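Colleague: The structure under discussion is supplied below as structure tokens; questions concerning it will follow.
The values are calculated or read from the model by the stated rules, or taken from the named source; none is laboratory data. The model shown is predicted, which means the values in this text are computed figures rather than measured ones. Every residue, glycine as well, gets a Cβ built from its backbone with ideal geometry; the counts of neighbours run over all protein chains shown. Surface accessibility is based on the protein's heavy atoms, side chains included, excluding ligands, DNA and RNA. Shrake-Rupley method; radii C 1.70, N 1.55, O 1.52, S 1.80 Å.
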Amino acid sequence: MEHKRLKLYAYLDARDHQRTYLAIMRLFTSTLLADLSAGEVAGALAGQEREGRVEQGESRIENVINRLKQLVEWGNLVQGRREVVAASIAEFQHGSVRYQVSKLAVRVQRDVDELLRVPEGAREVSRELLPAIERGLNELGGSLSVALLNEGDRTKELLAERVTTLFLQHAELAATVRDFYAYLGQVVTRNHLAPEEIAGFRNLLVEYIQRVVEDVLKYTPPIAEALAGLTKARTELLRLLGTDLGHNVERARGRTPEDWQELTDWFVDRPGRPSQVTALREATARAIGSLLASVKRATSGGGLLPGRRAELLKLAKWFDTSTREEAHEIYASAFGLYSSRHLSPAPEHDSDNERTPWRDGPVCDVTVSVRTRGDRGGRGRPSRILDDPMTEQSLLAEAREADEIRARHVAELTKAAGNLENTTLTHGALEVFCELLTLAMAQRDSPNDSGSASDPVRGLELEIARGTTTRIRSAAGTLTLHDATVALKR
């Protein structure tokens, strides 16, 4: 299923006719319920061909039919038929076969057009949605109380309206935060920044990020409190929002327990699962540390040689303004890479094909030595690999001994599985037991949930669930687990 869906993206990276495929998909997604024949698609492509947006000859009917069939094979379009009045067999064939766009293809093309419109700079975080989310949760609690007292159509509609608005606001907030920090990670990891860039990023980090983090930390406690208040009534809320639309219908956000758990995880930490608020705070600290390192690197006078960024930008400008012949001469002079002489056999595999121009090929990373010093020479020699058989055998013996000790401890726990509370465990067996117990408890979201963990090598499994008090005796003391029942099995 995943492989079939990933083929929906094939037209975006097609080896040939990429612009034609993109133009056809934009034509089908530009209107609702688009139902077009090959002739209608060819007529629309003719105008784009005259404007130079698609290659010459792509609007010919036979080429259009081939492109449409290929899109059908990828799953972007589906075929249908309609009764038509035609003057010839060819006209009937071209007009009776209709094409519609599939649901998933609409979503792919919508994301593509949105991506192409996104600017390269940072995206503003929608901080104003935080108080709106807090108000929405508080109003949702009141609407839920009213709906439980009077389960009328109007109260259910108002409840559904508040839930949908709440999840739309959170989705927009989460998207802006992800995009902003993705841009931030892209710029702060650069090895060399110009002085004006450092000043701009300093204002961005010190002022703007501070306001973002302060707002998030300010509104997180009341939002978490409101979400905790809705936890007990979540079952009734989902019942009031429930509509029997079938299992294959994609419901709006907020209609399933998973949607509410995802919303809660964004603001509230869980054992072993930090929230997105915690991740945001840690990412901010890392970004500020990276910026300080860049400032120190740019302002300190202890560097080996000044950076070569200005020279590389000047060279890029020469390439941009030169002709094809001049670009080849500049390239050879700047990098010393002249035409190949084929002194050795060609490599077995090359990522480019022979028809890909060098400007459209993969980007080559410029190493730090070239970027900062213009030095292409290798640094040092590779160290020799020393063969030390005595150390190797000693490490192997230690690993075998540690494995044997753990096997004895696991075997002791396995033997005590049926009568765990009446068995006194050794210190090592207790360590293995506590290790599995920690992993099992990390899977529990609340004391009412159950959890399990297992030894991946020997298959010993520990399960913990809500129950009576459990006491585990060992040579080091007694471990008491309140309101928990622990079971071992293999």
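Colleague: Give all pairs with beta carbons closer than 6 Å in which a residue from region 378-403 that is assigned by the TED database to the domain that holds residue 431 and modelled with pLDDT of 75 or more meets a residue that is part of a helix (DSSP H, G or I) and of a type in the set (S, T, N, Q); count only pairs at least 6 apart in sequence or on separate chains.
Modeller: Matching pairs, first to second residue: none at all.
Colleague: Read through the list (1) more than 18 Å from residue 28 (Cβ to Cβ); (2) at pLDDT below 85; (3) touching a helix residue (DSSP H, G or I) at 6+ places or on another chain (Cβ under 7 Å), then give the number of the only condition that residue 130 fails.
Modeller: (2)
Colleague: Something else about it: Which condition number in (1) closer than 14 Å to residue 414 by Cα; (2) touching a residue at least 24 places away in the same chain (Cβ under 8 Å) is the one that residue 454 fails?
Modeller: (2)
Colleague: Test residue 196 against the stated conditions and say whether it is open to solvent by 30 Å² or more (accessible area, probe 1.4 Å) and modelled with pLDDT of 80 or more. I'd like the intermediate steps shown before the answer.
Modeller: Values: open to solvent by 30 Å² or more (accessible area, probe 1.4 Å): yes; modelled with pLDDT of 80 or more: no.
The answer is no for residue 196.
Colleague: Further question on the same structure: Looking at 432, 457, can you tell me which residue is farther than 30 Å from residue 258 by Cβ and surrounded by fewer than 17 Cβ atoms within 10 Å (Cβ to Cβ)?
Modeller: Details: 432 fails: surrounded by fewer than 17 Cβ atoms within 10 Å (Cβ to Cβ).
Answer to the check: 457.
Colleague: Being assigned to a helix (DSSP H, G or I) and at pLDDT below 85 is the filter here; which residues of region 411-436 pass it?
Modeller: Looking only at region 411-436, we keep the residues that are assigned to a helix (DSSP H, G or I), and these are 411-415, 417-419, 427-436.
Scanning region 411-436 gives 417, 418, 419.
Colleague: Report every pair of residues separated by at least 6 positions or lying on different chains whose Cβ atoms are under 7 Å apart, first residue within region 119-148 and in the same structural domain as residue 218 (by the TED database), second surrounded by 20 or more Cβ atoms within 10 Å (Cβ to Cβ) and hydroxyl-bearing (Ser, Thr, Tyr).
Modeller: Qualifying pairs under 7 Å: none.
Colleague: If you scan region 466-483, which residues turn out to be assigned to a strand (DSSP E or B) and open to solvent by 80 Å² or more (accessible area, probe 1.4 Å)? Show your work before the answer.
Modeller: Start the filter on region 466-483 by keeping residues that are assigned to a strand (DSSP E or B), which leaves 470-474, 477-481.
Residues satisfying the conditions are 471, 473, 478.
Colleague: Separate question: Against the definition (open to solvent by 20 Å² or more (accessible area, probe 1.4 Å) and hydrophobic (A, V, I, L, M, F, W, C)), how does residue 97 come out, yes or no?
Modeller: On the way: open to solvent by 20 Å² or more (accessible area, probe 1.4 Å): yes; hydrophobic (A, V, I, L, M, F, W, C): yes.
So residue 97 fits the description; yes.
Colleague: Of the conditions (1) open to solvent by 70 Å² or more (accessible area, probe 1.4 Å); (2) assigned to a helix (DSSP H, G or I), residue 391 satisfies every one except a single condition; which number is it?
Modeller: Result: residue 391 fails condition (1) only.
Colleague: Continuing with this model, one more query. May I ask you to verify whether residue 486 is within 39 Å of the chain's Cα centre (by Cα) and assigned to a strand (DSSP E or B)? Give the steps one after another, and end with the answer.
Modeller: Details: within 39 Å of the chain's Cα centre (by Cα): yes; assigned to a strand (DSSP E or B): yes.
Spelling it out, residue 486 is indeed within 39 Å of the chain's Cα centre (by Cα) and assigned to a strand (DSSP E or B).
Colleague: Please go through region 1-59 and pick out each residue that is under 17 Å from residue 76 (Cβ atoms) and hydroxyl-bearing (Ser, Thr, Tyr).
Modeller: Once the filter is applied, which keeps residues that are under 17 Å from residue 76 (Cβ atoms) and hydroxyl-bearing (Ser, Thr, Tyr), region 1-59 yields 9, 11, 20, 21, 29, 30, 31, 37.
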